[in-house]
């Protein structure tokens, strides 16, 4: 016989409901705690990513100790003791090595303002001497069946590239009052000044450098009219303009010839290189039916184009004149090699030009034509 009454059953049911509610609330609270923990972790990751992406600014709490010691100790006050205690650097090469964060700022600005560096192949080296082997002919190959023997192939020919190097230097100056101002962003100023002076010197060397204590520019390479496969390695091919004073009556034909002397594989990523005076003349050129060869970019940020290829303005290219090479066309990533020793050295000089403090920055940079089939030239001649 069941002694339970309806009142007892209702009370037990109420207790079950309360217990289930308590259990549900506990589970919800646990889930909220887990969600809050995950959100906190995500926020920390986002903050760390933001700090990593943000350039280092002098005087901020996020600056690495070696950067703070270099900027506040050595650059501002000339304290070598503090610098040595932090980084262990010694001025054996005529200056202290710039911390990687500042060196990266210099490299970034240098790439943005140095026209040839922006399109050439750049390698970082640990020493001044750099050598690269380049094949001057493809390795022989052939077809065989699955079980047939593999005959020996011909040995490829190699040429050694050893870019001539020189010491690139910049010597920006600041007053002591500027250095004493805590709000003065010394890192950004120094990186910008060094990059601007480096870019001016590089621009001339990468185009027409002699190769003696400086890079050898691509216009200093031997030149000839022979086609690819018949020219000596390292010799650039050129096309005549058809007129000793400039372009002939069909300038589009000469420029088209220049483009198609470059093999199809190199034309992917190729560009024209000329100075602004030459560019001004090229923008006036028309085809026989009156259409301009120049094609302005239709979208903001898109480069203007000549015959479908972007144009790079390098002011160190020669003007249009008899016997000169005012226009280059090629894939400079394949055609020109820049080898640089990664570390920039800075020597603080408060004595030479008082009351100004000079920062003598040096870096070893070399350059040379890498693949002479990847760069073509236009010569002003009949």
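Please report the relative contact order for region 253-314, taking Cα pairs under 8 Å with a sequence separation of at least 6, and give it as a percent rounded to a whole number.
Contact order relative to length: 34 percent.
Just grab the label-to-label distance for residue 295 and residue 26, each label 7 Å out from Cα along the Cβ direction, in nm (one decimal).
7.2
So if R0 is 25 Å, what FRET efficiency would residue 226 and residue 248 give, r being the distance between their Cβ atoms, rounded to the nearest 0.05?
Computed FRET efficiency for residue 226 and residue 248 comes out at 0.65.
Please arrange 132, 324 by counting, for each residue, the other beta carbons lying within 10 Å of its beta carbon, fewest first.
Final ranking by Cβ density, sparse to dense: 132, 324.
What's the extension gain from residue 35 to residue 143 if we count 0.36 nm per residue and subtract their Cα-Cα distance?
This chain segment gains 32.7 nm when fully extended.
To the nearest Å, what is the center-to-center distance of region 188-211 and region 312-382, using C-alpha atoms only?
Each part reduced to its Cα centre gives a spacing of 7 Å.
What nm distance separates the two modelled labels at residue 184 and residue 42, each placed 7 Å from Cα along Cα→Cβ?
Here the modelled spin labels are 4.5 nm apart.
Gain in length, residue 287 to residue 150, computed as 0.36 nm per residue apart minus the alpha-carbon separation, to one decimal in nm?
Stretched fully, the residue 287-residue 150 segment lengthens by 43.9 nm.
Only Cα pairs under 8 Å and at least 6 apart count here; give the relative contact order of region 153-269 as a rounded whole percent.
Relative contact order, region 153-269: 18 percent.
Read the figures in this text as sums done on the coordinates, not as results from a lab. As the structure is a prediction and not an experimental result, all values here were calculated from the model. FYI the Cβ positions are ideal-geometry reconstructions off the backbone, even for glycines, and counts take in every protein chain you see.
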